[in-house]
Amino acid sequence: MRVAIASDHAGFEQKQQLVDYLASELKVDTIDCGPDTDDRVDYPDYAKKVADMVVSGTADCGVLVCGTGIGMALAADKVAGIRASSITTPEFADLFRRHNDGNVVCLSGRFVDLQVNKDIIKVFLTAEFEGGRHAERVAKVMKLD
Ligand code: RB5
């Protein structure tokens with residue numbers, strides 16, 4: 001499994017730690033799409049980097065971190081083929097995968113603890129889409145792209 005990850009300045013500190021967590025503890029191939037410093041940047045630029053990697057198949061899924069997770073989700077979800085959401089609990093991460101087949105999880109670096117975000121990522125990477133009635137609904141969602 002290959003995971004693309006990026007942040008803006010508000011998510012930078014957690015992003016650095018989450019890159020380590022993904023690579024060292026979860027042992028997944030991790031593509032750090034930046035930024036490399038906590039200088040101010042615009043979250044849509046980094047949402048697009050990760051979204052493009054997922055749509056092209058370079059990455060299987062994506063992780064984005066901004067202040068709230070909301071801006072990243074809004075931006076990434078505009079890219080055709082992406083199902084992105086701001087997620088603040090492991091329970092929502094589970095349902096996001098099982099029911100919505102989410103492929104980009106967007107995290108809050110300012111309002112959610114690092115450990116909770118680690119737990120969210122772990123669930124996001126392990127929970128499986130249930131298909132069935134959810135597949136028909138997700139297909140309808142994707143027709144809106
Ligand atoms: C940056 O200040 C902040 O607006 C951004 O990180 C994000 O929370 C937007 O949704």
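The values are calculated or read from the model by the stated rules, or taken from the named source; none is laboratory data. Predicted model only: the values in this text are computed from it and were never measured. When we count neighbours, we look across all protein chains shown, and the Cβ atoms used for this are built from the backbone with ideal geometry, even at glycine. When the accessible area is computed, the model is the full protein with side chains, heavy atoms only, and any ligands, DNA or RNA have been set aside. Shrake-Rupley method; radii C 1.70, N 1.55, O 1.52, S 1.80 Å.
Things worth noting here:
- Accessible solvent surface per residue of region 1-104, calculated while the other protein chains remain in place, 1.4 angstrom probe, Å²: 47
- Cα-Cα P(r), region 68-145, percent of pairs per 10 Å interval: 21, 49, 26, 3
- In a reduced charge model with +1 at each Lys and Arg Cβ and -1 at each Asp and Glu Cβ, the chain shows a dipole moment near 520 debye about its Cα centre.
- Computed over the chain with a Gaussian network model linking Cα atoms closer than 10 Å, the most mobile of Leu95, Leu125, Leu26 is Leu26.
- For the chain, lysine pairs with C-alpha atoms less than 21 angstrom apart, excluding pairs fewer than eight positions apart on the same chain, total 12.
- Local net charge near Ala93, Cβ-Cβ under 12 Å (Lys/Arg +1, Asp/Glu -1): +1
- Placing pseudo-labels 7 Å out from each Cα toward the beta carbon at Thr89 and Lys27 gives an inter-label distance of 3.2 nm.
- Share of carbon and sulfur in the accessible area of the chain stands at 49%, probe radius 1.4 Å.
- Near Gln16, once Lys and Arg are set to +1 and Asp and Glu to -1 for all other residues with Cβ below 11 Å from its Cβ, the sum equals -4.
- Listed peptides 37-48, 12-23 appear in the order 12-23, 37-48 once ranked by packing, highest mean of other Cβ atoms within 10 Å at the front.
- Here r is the Cβ-Cβ distance between Asp113 and Leu74 and R0 is 22 Å; the resulting FRET efficiency, rounded to 0.05, is 0.45.
- Here the alpha carbons of the chain define both size measures, Rg and Dmax, at 13.8, 45 Å.
- Only one residue of Met1, Leu26, Val41 has its Cα farthest out toward the positive end of the dipole of region 1-53, where Lys and Arg carry +1 and Asp and Glu -1 on Cβ, and that residue is Met1.
- Only Lys, Arg, Asp and Glu carry charge here, each on its Cβ (+1 for the first two, -1 for the last two); on that basis region 81-145 has a dipole of about 160 debye about its Cα centre.
- Count Lys and Arg as plus one, Asp and Glu as minus one, and take only other residues whose Cβ is under 9 Å from that of Arg83; the net charge is then -2.
- Region 54-106: translational diffusion in µm²/s, Stokes-Einstein, Kirkwood Rh over Cα pairs, 20 °C, 1.002 mPa s: 195
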